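What follows is a short report on a single structure.
The values are calculated or read from the model by the stated rules, or taken from the named source; none is laboratory data. Note that this is a predicted model, so its numbers are computed, not measured. Methodologically, a virtual Cβ is constructed for each residue, glycine included, from the backbone with ideal geometry; neighbour enumeration extends over all protein chains shown. Note: areas computed on protein heavy atoms with side chains; ligands, DNA, RNA excluded. Shrake-Rupley method; radii C 1.70, N 1.55, O 1.52, S 1.80 Å.
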Amino acid sequence: DSGVTQTPKHLITATGQRVTLRCSPRSGDLSVYWYQQSLDQGLQFLIQYYNGEERAKGNILERFSAQQFPDLHSELNLSSLELGDSALYFCASSGIRERNTIYFGEGSWLTVV
Amino acid sequence: AQSVTQLDSQVPVFEEAPVELRCNYSSSVSVYLFWYVQYPNQGLQLLLKYLSGSTLVKGINGFEAEFNKSQTSFHLRKPSVHISDTAEYFCAVSETGGGNKLTFGTGTQLKVEL
């Protein structure tokens, strides 16, 4: 158990809908990262937050957004969903205890039908 | 920008045999190196990492990896594999001082057979 908690574990939704994925980082970790894993794109970095502020942005679509709240949990919002958005979405976190190392949650499986 | 190449998409091996999973990287700056493992229908688990110091690093489950700067490689090895090692293995790099953003390889599926 990495200590990173993600909900929901599985989600099935229709095209055009909007979903929110939630992540609680390891206790004390200030940084949260979101990654997408799909068959055709592999593991791709989406976005990073540090203590509530956006720190780095990767290949995140404009239809996707994220935020990190004062209690350090994070949410990834996916809107106007398309079939191609079906993927495993990982949250990860890092902190001072182990600099330069990020730990991943179990992921949220999103299926768009 | 960095890139990671895992040339072997699949590696079949018999139980108790040794295995090496290859990883090469490209970067214009110094990097940290990682191996993560993904068991079927599970998340990514950190196997081992190289940040600095000894180029031979040991991880969980008997795995080890050696950082070779001249060959820009970070191959993963295990002297004797078990059925339970069947999983997908991902090599990843991040820039030192780059905020921990990881760039992953495409993964190597290790299949251990009896």
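Values computed for the structure shown
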{"read-out": "Zero-based 10 Å bins, Cα pair distances in region A:1-84, whole percents", "value": "16, 50, 29, 4"}
{"read-out": "Area accessible to solvent at B:LYS58, 1.4 Å probe radius, in Å²", "value": "150"}
{"read-out": "Calculated P(r) tail over 25 Å for chain B, as whole % of Cα pairs", "value": "16"}
{"read-out": "Separation of the B:VAL29 and A:ILE12 label points, Cα + 7 Å toward Cβ, nm", "value": "4.5"}
{"read-out": "In the A-B interface, the accessible area buried, summed over both sides, Å² (probe 1.4 Å)", "value": "1500"}
{"read-out": "With DNA, RNA and ligands ignored, accessible area of B:CYS91 (1.4 Å probe; Å², nearest 10)", "value": "0"}
{"read-out": "Apportionment of accessible area to carbon and sulfur, the protein assembly as shown, percent (1.4 Å)", "value": "48"}
{"read-out": "Non-local Lys pairs in region B:4-114, i.e. 8 or more apart or on different chains, that have alpha carbons under 22 Å apart", "value": "10"}
{"read-out": "Neighbourhood charge, 14 Å Cβ-Cβ cut-off, centred on A:GLY95 and excluding it, Lys, Arg +1 and Asp, Glu -1", "value": "+2"}
